[in-house]
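**Q** The structure follows.
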């Protein structure tokens, strides 16, 4: 503890927002200086977060609690509650944020509107940090909306492109449906407990002091909230469209951080909800089915970035699935979140470098990049192997924990769902890698290797994709110290963890079976492609299995209803006034009935 | 039984309110509707004076000046409506209906 914790917390809350205001003022410096100043500022934001990490993750540490007045007259205070779960997501947001800003210095060079870009990234990092460290559900919701706003604004960053503008609006509206679920859940919890404090609600919930009906209703509303933000079926279709954003934004917001907000809120509230009938089962099936369908769509997708987006949906499905394993699943899902954030950021940034260089997102037009971009190929291979869950790479260890959890609890159908998904994951990872780097290019082109700064970032992330799983010891100790891992959970010492994972032969067998089947699926692709079922899957998979049509139909229904309701609006001033008078009478009667008057 | 001054105030306030409401709800002419609104506002001001005694003077003066501003804005809108449509009949003003 070098520096006082309170100071660090204040810095980590205040700095990003101060920089959000500062960055646009630096426009005069010119684009290049602005980019490098932003790197410096992002580093300044990351420092206090990483300084707090060791304070939380030492054995037997206490949560850091603080409180700042926000709106004292309304009794709203910014309560800070930092435990391993909170600080770890804050660390991902600021750490990957720093890397992405560094990468942007080169990647975003020459784009219009750079001050806006860097300012929004600062705002996003700050909002994400505040979202996870606060203890007050109202403030969680406040920042939940701010990250949604940043996502919208950054998807539509290229304001002159109508496709980008539409994708931004789609993302905003779709996640808003989830947000309504979340706010209803929050108010129902407030109704039942009279408090917005997460810790108080969890304490009451565990003591059984919350009315079961309220608690289960709120639990399912929180799932709807997570469905929107974390892109679970059927609210997932915004994420592939969000790929109109600059690739850096996709890496930071739509792979590593914001889409994890839903997972975070479920993990945060899991101790309260886990006893609700059917809550964990709902998560198991929601996650499992999402993972499976998204993997199928990834396998037929021709667009590199959209493939990665579907793969993100699929991996988020794994995390939701892991939460469905009960309290011990909280650790597993967050462990997968950590690994996924790193290797998916790597994959996205590699994809960005490739798209930057080739100028197309269609994988069939890339082909044969291994000669022209050997270093990028090497780094992207690490990401693909981690995604596929090949042993030693990070994805293997957390997926193995998920399989082991489902296996130990004898959840056979969900287990089959995730194992089939793992198989498809291997197949689409191979497909992505071979389509991009192997084969022969169709036409002459001038492709350059990824420039130095970008390679540096990719290299750091590639090391993470191999090594991030080794943080398991510190990570699991922190989680079990804070009661976030369930009573049956045993702390993983690194050596023991490796030993335990590799000697659990059934689960390793399942994993290897999945990998083998996936590889088989890839090598047998040509003979499998021709039959009718595959043709159907390819045709409808590329159309997103009709989820967009579903959205359109709902929107059309609302529109028709509105046209009918419009007849109520006569435009006559007297009629309108009668409405006002009736409303006042109703309010009067209501107040009278409640004995206020 | 003699009425107290407060009761008389409130009674007149209610009468003003009812008259103003009737005017706003039934008249089609925009100027008449604004007059109705003003009568209602005067009713509420009167009730305020009756209940609050001498202490509310300052508030009442502010309220009256705000009413005057509201009336001025409403009348200026009406003047523009007149310039556009040469009519003050509110029921004929359905052009901007959503």
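Readers should treat all values here as calculations from the given coordinates under stated rules, not as data from a laboratory. These figures come from a predicted structure and were not determined experimentally. A quick note on method: Cβ atoms are made from the backbone with ideal geometry, for glycine too, and the neighbour counts reach across all protein chains shown.
**Q** Round to the nearest 0.05 the FRET efficiency obtained for residue A:111 and residue A:200 when R0 = 30 Å and r is the Cβ-Cβ distance.
**A** 0.05
**Q** May I pose another question? How high is the FRET efficiency between residue A:594 and residue B:85 when r is their beta carbon distance and R₀ equals 35 Å, given to the nearest 0.05?
**A** 0.15
**Q** For the residues A:5, A:209, A:400, what sequence is obtained by ranking on other C-beta atoms within 10 Å, fewest first?
**A** A:209, A:5, A:400
**Q** Can you tell me the relative contact order of chain A? Whole percent, Cα pairs under 8 Å, sequence separation 6 or more.
**A** Relative contact order of chain A: 12 percent.
**Q** For the range A:550-593, what are the per-bin percents of Cα-Cα distances with bins 5 Å wide, up to the bin holding the maximum?
**A** Taking every Cα pair in the range A:550-593, the percentages come to 5, 19, 12, 14, 13, 13, 12, 8, 3, 0.
**Q** When only C-alpha pairs under 8 Å and at least 6 residues apart count, what is the relative contact order of the range B:5-86, in percent?
**A** Relative contact order for the range B:5-86 comes out at 30 percent.
**Q** Among B:76, A:357, A:314, rank each residue by its count of other Cβ atoms within 10 Å, from fewest to most, as a rough exposure measure.
**A** In increasing order of surrounding Cβ atoms, one gets B:76, A:357, A:314.
**Q** Which whole-number percent is the relative contact order of the range A:186-236 (Cα, under 8 Å, 6+ apart)?
**A** Contact order relative to length: 29 percent.
**Q** Okay, moving on. With the radius of gyration and the Kirkwood radius both derived from the Cα set of the range A:347-413, what is their ratio Rg to Rh?
**A** 1.19
**Q** Relative to the first principal axis of the alpha-carbon coordinates of chain A, what is the inclination of helix A:31-56, with its axis defined by its Cα atoms, in degrees from 0 to 90 and to the nearest 10?
**A** Roughly 80 degrees, rounded to the nearest 10.
**Q** On to the next question. Would you calculate the convex hull of the Cα atoms in the protein assembly as shown and tell me its volume per residue in Å³?
**A** Here the figure is 224 Å³ per residue.
**Q** Need one number: nm distance between label points at residue B:63 and residue A:446, each 7 Å from Cα along Cα→Cβ, rounded to one decimal.
**A** Computed distance between label sites residue B:63 and residue A:446 equals 7.8 nm.
**Q** Take every Cα-Cα distance within the range A:1-77, group them into 10 Å bins from 0 onward, and report for each bin the whole-number percent of pairs it holds.
**A** All Cα pairs considered, the percentages come to 16, 35, 28, 18, 3.
**Q** Per the Debye formula with a single identical scatterer at each Cα and no solvent contribution, what log10 I(q)/I(0) holds for the range B:5-86 at q = 0.12, 0.15, 0.16, 0.20 Å⁻¹?
**A** With no solvent term, the Cα-only Debye profile gives -0.41, -0.60, -0.66, -0.89.
**Q** How far is helix A:260-273 tilted off the main Cα axis of chain A, in degrees rounded to 10, range 0 to 90?
**A** That helix lies at roughly 60 degrees to the long axis.
**Q** Follow-up. Relative to the longest principal Cα axis of chain A, at what angle does helix A:452-467 sit, 0 to 90 degrees, rounded to 10?
**A** Taking Cα atoms only, the helix is inclined about 80 degrees.
**Q** Would you mind ranking B:23, A:130 so that the residue whose beta carbon has the fewest other beta carbons within 10 Å leads the list?
**A** B:23, A:130
**Q** Still on this structure, please answer the following. Report D for the range B:45-98 in µm² per second (integer): Stokes-Einstein, Kirkwood Rh on Cα pairs, 20 °C, 1.002 mPa s.
**A** 156 µm²/s
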